[in-house]
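These notes are about the structure you will find just below.
None of the figures in this text is laboratory data; all of them are computed from the coordinates on show. None of these values were measured; they are calculated from a predicted model. Cβ: placed from backbone, ideal geometry, glycine included. Neighbour counts: every protein chain shown.
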Amino acid sequence: MKVLVPVKRVIDYNVKARVKADNTDVDLTNVKMAMNPFCEIAVEEAVRLKEKGTATEIVVVSIGSKSCHEQLRTALALGADRAIHIDTELNLGSLQVAKLLSKVVEEEQPELVILGKQSIDADNNQTGQMLAALTNRPQGTFASEVVVEDNKVAVTREVDGGLQTVSLNLPAIVTTDLRLNEPRYASLPNIMKAKRKPLDVKVAADMGLELSSKINLLKVEEPSQREGGVMVESVDELLEKLRNEAKVIA
Amino acid sequence: MITLLVAEHDNSELKLDTHKAVDAITKMGGDIHVLVAGAGCQSVAEHAAKLQGVSKVLVADHDLLAHGLAENLAPLVVDLADDYSHIVAPATTTGKNFMPRVAAALDVEQISDIIEVVSSDTFKRPIYAGNAIATVQSEYAKKVITVRTAAFDKVSETGSAEIVSLEAVADAGISNFVKQELTESERPELTAAGVVISGGRGMQNGDNFTLLEGIADKLGAAVGASRAAVDAGFVPNDMQVGQTGKIVAPDLYIAVGISGAIQHLAGMKDSKVIVAINKDPEAPIFQVADYGLEADLFEALPELETKL
Ligand SMILES: Cc1cc2nc3c(=O)[nH]c(=O)nc-3n(C[C@H](O)[C@H](O)[C@H](O)COP(=O)(O)OP(=O)(O)OC[C@H]3O[C@@H](n4cnc5c(N)ncnc54)[C@H](O)[C@@H]3O)c2cc1C
Ligand SMILES: Nc1ncnc2c1ncn2[C@@H]1O[C@H](COP(=O)(O)O)[C@@H](O)[C@H]1O
């Protein structure tokens with residue numbers, strides 16, 4: 001079984017994003033970048049499927065500028081077999097990303113595509129579902145367990161009320177939630193080996209798709225800041241404040 | 001201009017997320033229709049017909065829709081889409097699951113998680129875990145939107161819309177529901193509660209959450225958790241508050257043994273009053289707390305419960 005894993009290069013999750021002074025966007029100059037944490041979980045899941053003998057080949061794909069080679073190499077060091085970079089300087093929305101990915105799916109015919117549920121920059125939570133629609137495949141989103149059996153995959157999903165399990169016909173699309181697995185670190189020998197694994201580059205503009213967005217980003221602002229609060233000395237003082245100052249409890 | 005809102009419910013109860021999404025749509029202007037898709041969901045439709053501002057409720061009542069499978073629900077919404085300028089759902093796990101499937105089928109970019117309506121085509125939404133707020137405008141003829149319900153108020157139940165039944169739905173035949181394990185609780189739901197008390201890694205284990213439950217019962221509060229507490233297996237996943245869990249904005253949020261990572265703050269910093277109880281005076285949670293108590297939670301919580 002071939003598994004395709006789309007990975008995105010994003011701001012490191014430990015870094016607090018700052019808004020540019022001219023309010024046009026977030027300032028990413030000299031900011032530490034990394035693989036989106038949900039994509040790391042997706043790569044890890046694919047590698048585990050390969051270790052179990054379920055997956056035979058893992059292909060990773062990233063859409064963006066040349067700098068995402070860094071994240072593709074990381075994925076190769078973690079156990080992916082080959083990588084595809086779809087080169088574009090455009091700041092694409094999830095729909096355009098899903099369209100490009102659907103082209104890759106058409107070419108590669110993976111039986112399983114594992115994506116992150118959400119990228120931590122745009123916080124869209126859309127791409128996997130859109131890819132499922134465009135390829136007419138079933139979707140198992142926010143997965144905390146993935147079990148491949150015969151020509152189906154059982155996906156346990158983290159939903160608002162608890163957990164839901166669905167059974168999907170393969171080929172299918174899965175998106176990862178935080179508790180699916182704990183990603184490993186790449187070992188030094190594997191990082192060296194990854195340098196020799198194949199990484200193909202395609203140019204997004206040559207893939208015959210309309211990539212312009214009809215969503216205009218008008219402004220990016222700082223969120224309203226909370227007024228600094230006070231420290232209280234005791235439980236008694238806390239209760240007094242909550243009752244008489246904040247008036248949130250009786 | 002007519003908006004189709006896909007209701008959030010569990011076949012027996014209409015969720016307040018729906019009431020709040022109606023508030024958001026009211027700010028966009030135009031007529032509002034609500035789709036209740038489910039199985040045995042007539043009473044939900046009757047409830048939805050009371051939401052102030054809703055003029056029509058469409059009911060699709062069929063076994064295939066019982067569990068909100070995106071493969072069956074999305075085509076139903078897409079079939080209805082012709083008549084609507086806006087298609088909206090609350091940004092719950094149900095809405096997040098099927099709406100992008102609808103958007104892609106309509107060749108429209110979805111706007112996720114709006115927190116403010118600027119006009120019928122312009123919205124504000126948080127990005128980067130809420131560290132920035134983007135104002136975005138959609139040039140699409142049809143707008144596909146999910147609403148962060150914590151940012152809106154619930155509309156009243158003073159309306160009386162007509163209820164229309166829809167014809168049978170089709171089975172996409174590519175997915176099946178197997179089972180669900182829902183957390184049973186007597187307490188209010190996290191996203192609907194006026195008071196939320198959450199515990200983090202500092203709680204040390206699941207049993208210690210009873211310290212929070214005693215207080216929650218006295219305050220009529222819901223109990224939440226940080227990701228660290230969920231990952232460590234103290235409590236189930238549906239209790240996670242944060243960027244990638246539930247977003248809450250109650251009148252009072254009490255964070256106990258939670259350090260205040262960016263991802264946790266993203267889920268609760270719009271609460272009206274925030275209380276933090278932590279033994280580390282440097283914990284970042286104190287920077288967003290209105291009232292901070294530097295204390296050992298194992299001493300502070302029993303005292304708090306007794307004195308409430
Ligand atoms: C992609 C991604 C998404 C994430 N999404 C979320 C999310 O949605 N929600 C979320 O919460 N996190 C999320 N996280 C995790 C987040 O980064 C933090 O790791 C997590 O919030 C830490 O939880 P915590 O505060 O309980 O634990 P810790 O950071 O370990 O803090 C424990 C706190 O308890 C205090 N403490 C310990 N003992 C006591 C005591 N006896 N009395 C009083 N205080 C005590 C300590 O001083 C400390 O401040 C995400 C991370 C990633 C990478
Ligand atoms: N530019 C990209 N390149 C590769 N994969 C992407 C890209 N953008 C999004 N994805 C995938 O889609 C998931 C969800 O992203 P989003 O819908 O943007 O929140 C990510 O975790 C990735 O797996």
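At 7 Å along Cα-to-Cβ for each site, give me the label-to-label distance between residue B:187 and residue B:66 in nm.
Distance between the two pseudo-spin positions: 3.1 nm.
Give the separation of the Cα centroids, the range B:70-128 to the range A:207-230, in Å.
17
Hey, with R₀ at 60 Å, roughly what FRET efficiency would residue B:167 and residue A:230 work out to, going by the Cβ-Cβ distance, to 0.05? Before the final figure, lay out the partial values.
Working: r = 61 Å, r/R0 = 1.01.
Taking R0 as 60 Å, the efficiency between residue B:167 and residue A:230 is 0.50.
Name all residues of the range A:21-36 having a backbone nitrogen under 20 Å from the label point set 7 Å from the Cα of residue A:190 along its Cα→Cβ direction, giving them as ranges.
Of the residues in the range A:21-36, A:34-36 have backbone N under 20 Å from the label point off residue A:190.
Using mean Cβ contacts within 10 Å as the protection proxy, how do A:43-53, B:171-181 order, highest first?
Values: A:43-53: 18.8, B:171-181: 15.7.
Descending packing order for the listed peptides: A:43-53, B:171-181.
Working from Cα positions, state the angle (0 to 90°, nearest 10) between the long axis of helix B:93-105 and the longest principal axis of chain B.
Between helix and principal axis, roughly 40 degrees.
Among the complete DSSP H segments of chain A, which ones combine at least 18 Å of alpha-carbon extent along their axis with a mean Kyte-Doolittle hydropathy of 0.0 or more? Kindly include the intermediate steps, with their values, before the conclusion.
Working: long enough: A:37-51 (21 Å, 0.11); A:94-108 (20 Å, 0.16).
Once both thresholds are applied, what remains is A:37-51, A:94-108.
Convert each backbone phi in the range B:11-18 into a coupling constant with the Karplus relation 6.51 cos²θ - 1.76 cosθ + 1.60 (shift: θ = phi - 60°), then list the ³J(HN,Hα) values in order as whole Hz, x for Gly and Pro.
6, 10, 10, 7, 8, 4, 3, 5
Rounded to whole Å, give me the distance from the Cα center of the range B:260-286 to that of the range A:1-44.
Centre-to-centre (Cα) distance: 24 Å.
Principal axes first, then extents: for the Cα atoms of the protein assembly as shown, list largest minus smallest coordinate on each axis, whole Å, largest first.
Per principal axis, max minus min of the Cα coordinates gives 66, 62, 50 Å.
Could you give each residue of the range B:243-256 its phi-based ³J(HN,Hα) in whole Hz, using Karplus coefficients 6.51, -1.76, 1.60 with θ = phi - 60°, and x for Gly or Pro?
For the range B:243-256, the Karplus curve yields 3, 10, x, 8, 9, 10, 9, x, 5, 9, 10, 10, 9, 10 Hz.
Could you list which residues have their amide H under 5 Å from that of residue A:175, counting only those 5 or more apart in sequence or on another chain, with H placed in the peptide plane?
A:115, A:140, A:141, A:142, A:143
Between residue B:83 and residue A:56, what is the label-to-label distance in nm when each label sits 7 Å out along the Cα-to-Cβ direction?
About 5.0 nm, to one decimal.
Just grab the label-to-label distance for residue B:27 and residue B:10, each label 7 Å out from Cα along the Cβ direction, in nm (one decimal).
2.8
Using modelled backbone amide H atoms (1.01 Å from N, in-plane), which distant-in-sequence or interchain residues come within less than 5 Å of residue B:113's amide H?
For residue B:113, the qualifying residues are B:146, B:147, B:148.
Using the alpha-carbon centroid of each, what span in Å lies between the range A:179-193 and the range A:105-155?
After rounding, the separation between the Cα centres reads 22 Å.
Could you work out the mean count of beta carbons from other protein chains within 10 Å of each residue's beta carbon in A:210-217? Before the final figure, lay out each step's value.
On the way: counts 1, 0, 0, 4, 8, 12, 7, 5.
Mean inter-chain Cβ contacts per residue within 10 Å come to 5.
Hey, what's the Kirkwood Rh for the range A:2-244 if you take every pair of different alpha carbons, in angstrom?
On the way: mean 1/r = 0.0512 Å⁻¹.
Answer for the range A:2-244: a Kirkwood hydrodynamic radius of 19.5 Å.
Give a residue-ordered list of calculated ³J(HN,Hα) values for the range A:200-217 (Karplus: 6.51 cos²θ - 1.76 cosθ + 1.60, θ = phi - 60°; whole Hz; x for Gly, Pro).
My calculation for the range A:200-217 gives 8, 10, 10, 9, 4, 5, 8, 8, x, 10, 7, 10, 6, 9, 9, 10, 9, 8 Hz in order.
Could you work out [θ]222 nm for the protein assembly as shown from helices alone, using -39500 (n - 2.57) per DSSP H run of at least four and dividing by all its residues? Round to the nearest 500 deg cm²/dmol.
It comes out at -7000 deg cm²/dmol, rounded to the nearest 500.
Per residue of B:132-145, count partner chain C-beta atoms within 10 Å of its C-beta, then hand back the mean as an integer.
Details: counts 14, 7, 11, 7, 8, 6, 4, 4, 2, 1, 0, 1, 2, 0.
Taking the mean over all residues of the peptide, I get 5.
Just to confirm the number: angle between the C-alpha axis of helix B:297-307 and the first principal axis of chain B, 0 to 90 degrees, nearest 10?
Helix B:297-307 and the main axis of chain B meet at about 80 degrees.
Using Cα atoms only, what is the angle between the long axis of helix B:210-219 and the major principal axis of chain B, expressed in degrees (0 to 90) to the nearest 10?
Long axis of B:210-219 versus the principal axis of chain B: about 70 degrees.
Run the dipole for the range B:15-65 about the Cα centre, Lys and Arg Cβ at +1, Asp and Glu Cβ at -1, nothing else charged, and hand back the magnitude in debye, nearest 20.
200
Inside 10 Å of the C-beta atoms of B:226-234, what's the mean count of C-beta atoms belonging to other chains? Present the calculation step by step, with values, prior to reporting the outcome.
On the way: counts 0, 2, 0, 0, 3, 3, 0, 1, 0.
Per residue, the average neighbour count from other chains is 1.
Please list, in chain and number order, the residues 5+ apart from residue B:180 or on another chain whose amide H is under 5 Å from its amide H, with Hs placed from the backbone.
Under 5 Å from the amide H of residue B:180: A:165.
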